[in-house]
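Engineer: Structure below; questions to follow.
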Amino acid sequence: MRLKPTSILDILGISSATICLVHCFVFPLLSILQFNFVNNPWIDIAFASIGMFLVSKILMGNSDIIVKFILLVSILIVIFGIVLEIIFKTDSFLILLGGIGMITGHIVNLKTHKHINTNNKNIKKKLTLVGQFVG
């Protein structure tokens, strides 16, 4: 089965948002070890940049409005959380909330496209059978 570009974007989005969540959960625990990269805002900005790229592609595509809404709100929450972390030098739960929303939006989009593709294949089969029966 060949993956469509939207499926690839959703899989990449799910993967990057999951890695971001793991980073947000695990790296604060490592702060005991005093690593320099634990509270580096550039890591958050890198994940947000990947997220913004993927969300922009889906927003410009033909996805459902609910998927677009979930992803847009989620990426805005992530960006707002990053800005708050940079300004106040403290961890914000908003990035976690936005990351969970991003994963949810990408999974819903992936499932919606699989459902649409399945329905299109079933419709084509039915039309072919009707065409054979009538013709």
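What follows draws every value from the coordinates through simple rules; no lab data is involved. Keep in mind that what you see is a predicted model, and the values were worked out from it rather than measured. Cβ coordinates were reconstructed from backbone atoms using ideal geometry, including for glycine residues, and neighbour counts include every protein chain displayed.
Engineer: Give the calculated FRET efficiency between residue 97 and residue 52 to the nearest 0.05, with a Förster radius of 22 Å applied to their Cβ-Cβ distance.
Structural biologist: Approximately 0.85, to the nearest 0.05.
Engineer: Let me ask something else about it. Taking 25 °C and 0.890 mPa s as the conditions, I'd like the Stokes-Einstein D for region 34-94 in µm²/s, using the Kirkwood hydrodynamic radius from alpha carbon pairs.
Structural biologist: In µm²/s, the coefficient is 195.
Engineer: Can you tally the net charge around residue 95? Count Lys and Arg as +1, Asp and Glu as -1, for every other residue whose Cβ sits under 13 Å from the Cβ of residue 95.
Structural biologist: Computed value for this residue: -3.
Engineer: How big is the convex hull of the Cα atoms of region 59-111, per residue, in Å³?
Structural biologist: Measuring per residue, one finds 57 Å³ for the Cα hull of region 59-111.
Engineer: Mark the label point 7 Å from the Cα of residue 73 along Cα→Cβ and return the residues of region 39-58 whose backbone N is within less than 19 Å of it.
Structural biologist: 52, 55-56, 58
Engineer: Under a straight-distance cross-link criterion of Cα-Cα below 20 Å, which aspartates and glutamates are reachable from residue 68, leaving out those fewer than 8 residues away in the same chain?
Structural biologist: Leaving aside aspartates and glutamates fewer than 8 places away in the same chain, those within reach of residue 68 are 10.
Engineer: Would you kindly derive the ³J(HN,Hα) couplings of region 69-78 from the backbone phi angles with the Karplus curve 6.51 cos²θ - 1.76 cosθ + 1.60 (θ = phi - 60°), listing them in order in whole Hz, with x for Gly and Pro?
Structural biologist: Values, residue by residue: 5, 4, 5, 5, 4, 5, 5, 5, 5, 4 Hz.
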